[in-house]
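The values are calculated or read from the model by the stated rules, or taken from the named source; none is laboratory data. In this text, all values refer to a predicted model and were calculated from it rather than measured experimentally. These area figures cover heavy atoms from the full protein model, side chains too; ligands, DNA and RNA do not enter into them. Shrake-Rupley method; radii C 1.70, N 1.55, O 1.52, S 1.80 Å.
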Amino acid sequence: WLFVMMNAVNFMDGSNGLAMGCVAIMLCGMGWILNAGQAPEAVLALLGAAAIIGFLVWNLPGRLYAGDSGSLGLGGLLAGTGMVVAEQASVWTSAIIVLPFLVDVCMTVAWRARHGRHILQAHRDHAYQLLLRSGWRHPPVAMVWWGFSAVCSGVAMATPPDRAFWAFAGLLAAGVALWTWQRVTLGHRLGAAKG
């Protein structure tokens with residue numbers, strides 16, 4: 001979990017404000033869930049989110065970047081907080097909150113492997129990168145992922161732990177369908193324009 005989340009945040013940190021804004025939203029969701037159980041880790045999650053929001057003032061316009069150390073560190077904070085949420089609520093509750101990252105990262109790695117591309121090589125194949133390559137600007141792309149993160153955090157906060165698996169499964173199916181639809185339509189159009 002720690003390795004996957006640290007790398008997922010790093011992989012998603014390629015568009016101004018996208019990863020940092022999502023992590024802030026995810027930490028707020030986790031903090032809300034933990035505060036219901038009066039966990040002291042909720043304070044750490046909410047303070048982390050507040051610090052990221054301050055950072056976004058410079059990150060969203062592209063004047064300051066988290067880089068590898070920032071994104072890996074925040075991925076560690078997100079993963080650690082997620083483990084506490086998993087212990088207090090459900091593993092699936094944590095997975096719901098980080099689903100926007102998990103879908104894009106896992107589907108992109110699987111797609112690259114299926115097409116014989118090296119999965120550890122730098123690339124521009126993530127869903128958000130396809131939007132950027134097609135002409136979208138950074139702030140709208142970030143806001144789309146912020147919306148995904150807000151929906152997933154809201155579902156996680158509203159779903160009882162004993163039903164979290166089913167909420168996760170439904171959101172996962174929707175996320176995979178959206179990712180596939182974008183890959184087929186936009187990926188094909190970009191490939192045609194390139195060729």
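Here the Karplus curve 6.51 cos²θ - 1.76 cosθ + 1.60, taken at θ = phi - 60°, turns the phi angles of the stretch 101-111 into couplings of 6, 4, 4, 5, 5, 5, 5, 5, 5, 5, 5 Hz, with x standing for Gly and Pro.
Note that the chain presents 50 Å² accessible area per residue, ligands and nucleic acids not counted, probe 1.4 Å. Using a cutoff of 8 angstrom between alpha carbon atoms and counting only pairs six or more residues apart, the relative contact order for the chain works out to 29 percent. For the set L77, L34, the ranking by accessible area, highest first and with no ligand, DNA or RNA atoms included, is L77, L34 under a 1.4 Å probe.
What residue among Q121, Q182, Q129 shows peak mean-square fluctuation when the chain is described by a Gaussian network model with Cα springs under 10 Å? In this elastic network of the chain, the residue with the biggest mean-square fluctuation among Q121, Q182, Q129 is Q121. Over all distinct Cα-Cα pairs of the stretch 1-151, the Kirkwood formula returns a hydrodynamic radius of 15.5 Å.
Compared with the direct C-alpha span, the chain from A169 to W181 gains 2.5 nm at full extension, assuming 0.36 nm per residue. Heavy-atom accessible area, probed at 1.4 angstrom with all protein chains present, ranks Y128, Y65 as Y65, Y128, highest first.
Carbon-plus-sulfur accessible fraction, the chain (probe radius 1.4 Å, protein heavy atoms only): 68%.
Across the stretch 38-55, rounded Karplus estimates of 3J(HN,Hα) from the backbone phi angles (6.51 cos²θ - 1.76 cosθ + 1.60, θ = phi - 60°) give 6, 7, x, 5, 4, 5, 4, 4, 6, 5, x, 4, 5, 5, 5, 4, x, 5 Hz, Gly and Pro being marked x.
Which of these, H138, H118, H126, has the largest mean-square fluctuation under a Gaussian network model of the chain (Cα springs below 10 Å)? Of H138, H118, H126, the most mobile in the Gaussian network model is H118.
With all projection directions averaged, the alpha carbon convex hull of the stretch 127-195 covers 4.9 nm². Restricting everything to alpha-carbon atoms, can you work out Rg to Rh for the stretch 1-75 with a Kirkwood hydrodynamic radius? Rg/Rh: 0.99.
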